[in-house]
Amino acid sequence: MIRRRREAYSDHDLELLVALADYASLAIERSWLLHTIVQEKHESEAVVDASASGILVVDPYGHIVNMNPALERLTGWQLPQVRGELCCDIVGCRGTGDGTHEMPIVCPLRLEYLEERAFVEYRIRTRDGRWVPVEASYGLVRDEAGDLARVVIVFRDITHQEERNRARAEFVANVSHELRTPLALIKGYATTLLSPGVHLDEDKTRRFMQNVNSAADRLSWMVDDLLCASRLDAEELHLRPQPFDLCLQARKVLAWFRPHAARRELLADLPAGGLWVLADPDRVEQVLLNLLTNATRYSGVGTHIVVQGRLLGDPPRAVVHVVDQGIGIAPEHLPRIFDRYYLTEQSRKGVGLGLYICRGLVKAMGGEIWAVSEPGQGSTFSFTLPAWDGPAGTAPS
Ligand code: ADP
């Protein structure tokens, strides 16, 4: 367009200029488009890489095109090792089962799954041969002609969810069993007492009624525990803390529990001057009852169960030990016995809520709870409560 002589541009020149300008603006637009696409690609890659869910991309024939780091962690495979492989050779999706029995193949590429677009639960195989339960969902990528180009499968590891469900089902079965035992006892005694031909002397009737009474007590503790556990879970536990003498309370619980500790010696080792704490006396009673029930359950006839109380220094707190001479707890179980539904293989009865409740209650009252045990030697369960250093018997301001 640069000229030596001054002369007007011809129509042809102008056309050329317009065409040039058009091309230039097209080139600028394209470069912007490319810039946007590259940026979006990086964003999508960052999302896929950061996703906690495992993501697998396959072509319509099931060849692996891509997998994200979460799926690499879940399966133990690295993308370069499996790119181009058939996905069923690598993750081999199977229906429910534990991997030890024949499990039906659930191929995510089957049309009914792809069309449903719903969440499907099944198992995938890891590199070391484990079967991991997953929840899978699918996304379809089509080409310009509308044909299927890629299938994106998103896997969420549901191992914990499955464990929780299993624990819940076991818990319901255990609770039913536990409730049935005292109920059967009550029913049995009532049926005997009501039988027309049976005339029992006063002594025997009294013994029967005592057994009915203690079976009803057991039922009532269990229901209390179940309610308490659900309130702890929902964080709706209402405590009524007040100053009271822990020694007096412990002696009361011991006297009341004695008939339930069949042929075990229940002993108190408590300071004569009392031990004042600021806590909810009903909840402390519940903790003591749970610990005493366990101590009785897991120790033999003729052994001693001792409830000790002491005052500890700074900050001032009372500590209670429930010591038994029972079967003890293996070291591998000790860290988990306060977990919900946790039962050891030595567990004789129960639903695995007692210690979970004890820990929840003691913590809610500002204390700590722990256990020390040696298999075959016995166990000591200890908990602390904040000491009350105000005048004895007065309420805190
Ligand atoms: P549950 O409410 O069913 O009694 P717990 O939560 O109280 O369950 O106890 C959990 C597990 O801890 C029990 O299965 C038992 O194996 C173990 N355990 C608790 N207390 C004792 C103890 N004093 N001696 C031995 N094992 C115990």
Size-normalised alpha-carbon gyration radius of the stretch 187-345, reference 2.2 N^0.38 Å: 1.25
Charge context of Asp245, other residues only, Cβ under 12 angstrom, K/R +1, D/E -1: +2
q = 0.07 Å⁻¹: log10 I(q)/I(0) that the Debye formula gives for the chain, counting C-alpha atoms only: -0.60
Potential lengthening between Ser214 and Tyr23 on full extension [0.36 nm per residue; Cα-Cα distance subtracted]: 59.2 nm
Dipole-positive endmost among Leu343, Thr126, Val151 within the chain (Cβ charges, Cα centre): Leu343
Protein-only accessible surface order, largest first, of Ile329, Ile37, Ile186 at 1.4 Å: Ile37, Ile186, Ile329
Estimated distance in nm for a label pair at Ala184 and Cys88, the labels positioned 7 Å out from Cα along Cα-to-Cβ: 4.9
Signed unit charges on C-beta, dipole axis of the chain, positive-most listed residue Gly197, Val307, Pro271: Gly197
Residue of Leu248, Leu288, Leu148 that the Gaussian network model of the chain assigns the largest fluctuation, springs spanning Cα pairs under 10 Å: Leu148
Accessible area of the chain divided out per residue, in Å², using a probe of 1.4 angstrom: 61
Estimated vicinal HN-Hα couplings, Hz - the stretch 303-314 in sequence order (Karplus 6.51, -1.76, 1.60; Gly, Pro = x): 7, 9, 10, 10, 9, 10, x, 9, 9, 9, x, 9
Two-decimal Rg to Rh for the stretch 132-175 - Kirkwood Rh, Cα set: 1.39
In nm, spacing of pseudo-spin labels at Arg168 and Glu368 (7 Å Cα→C-beta vector): 3.4
Lys, Arg +1 and Asp, Glu -1 on Cβ, resulting dipole of the stretch 1-97 about Cα centre, debye, nearest 20: 260
GluC sites (Glu not before Pro) within the stretch 207-308: DSSP coil, no more than 14 neighbouring Cβ in 10 Å: Glu235, Glu236
Under Karplus coefficients 6.51, -1.76 and 1.60, residue-wise ³J(HN,Hα) of the stretch 11-26 in Hz, glycine/proline x: 4, 4, 4, 5, 4, 4, 4, 4, 4, 4, 4, 4, 4, 4, 5, 4
Ala268 long-range amide H proximity, modeled H, under 5 Å: Val307
Glu121 long-range amide H proximity, modeled H, under 5 Å: Ala136
Rule-of-thumb Rg ratio for the stretch 124-201 [Cα; 2.2 N^0.38 Å; N residues]: 2.45
Using a Förster distance of 30 Å, the FRET efficiency for Glu345-Glu265 (Cβ separation, nearest 0.05): 0.60
For peptides 130-140, 157-167, sequence by mean Cβ density within 10 Å, most packed first: 130-140, 157-167
Whole-Hz ³J(HN,Hα) from phi, Karplus 6.51 cos²θ - 1.76 cosθ + 1.60, for the stretch 152-168, glycine and proline x: 9, 10, 10, 10, 10, 5, 10, 4, 5, 4, 5, 4, 4, 4, 5, 4, 5
Sequence-distant residues sharing a close amide H with Gly92 (under 5 Å, placed H): Arg125
Cα-centred dipole magnitude for the chain, charges only on beta-carbon of K, R (+1) and D, E (-1), debye, nearest 20: 1440
Accessible surface ranking that places the most exposed of Tyr341, Tyr61 first, with a 1.4 angstrom probe: Tyr61, Tyr341
4 °C / 1.567 mPa s Stokes-Einstein diffusion coefficient of the stretch 304-397, Kirkwood radius on C-alpha pairs, µm²/s: 88
20 Å cut-off, amide nitrogen to a point 7 angstrom out along His304 Cα→Cβ, residues in the stretch 365-390: 372-383
Residues of type lysines that Lys363 reaches as a straight line, Cα spacing below 28 Å, ignoring anything fewer than 8 places off in the same chain: Lys252, Lys349
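The values are calculated or read from the model by the stated rules, or taken from the named source; none is laboratory data. Everything numeric in this text was worked out from a predicted model, so none of it was measured. Here Cβ is always computed from backbone atoms with ideal geometry, including for glycine, and neighbour counts include all displayed protein chains. All accessible areas refer to the heavy atoms of the entire protein, side chains included, with ligands and DNA or RNA removed. Shrake-Rupley method; radii C 1.70, N 1.55, O 1.52, S 1.80 Å.
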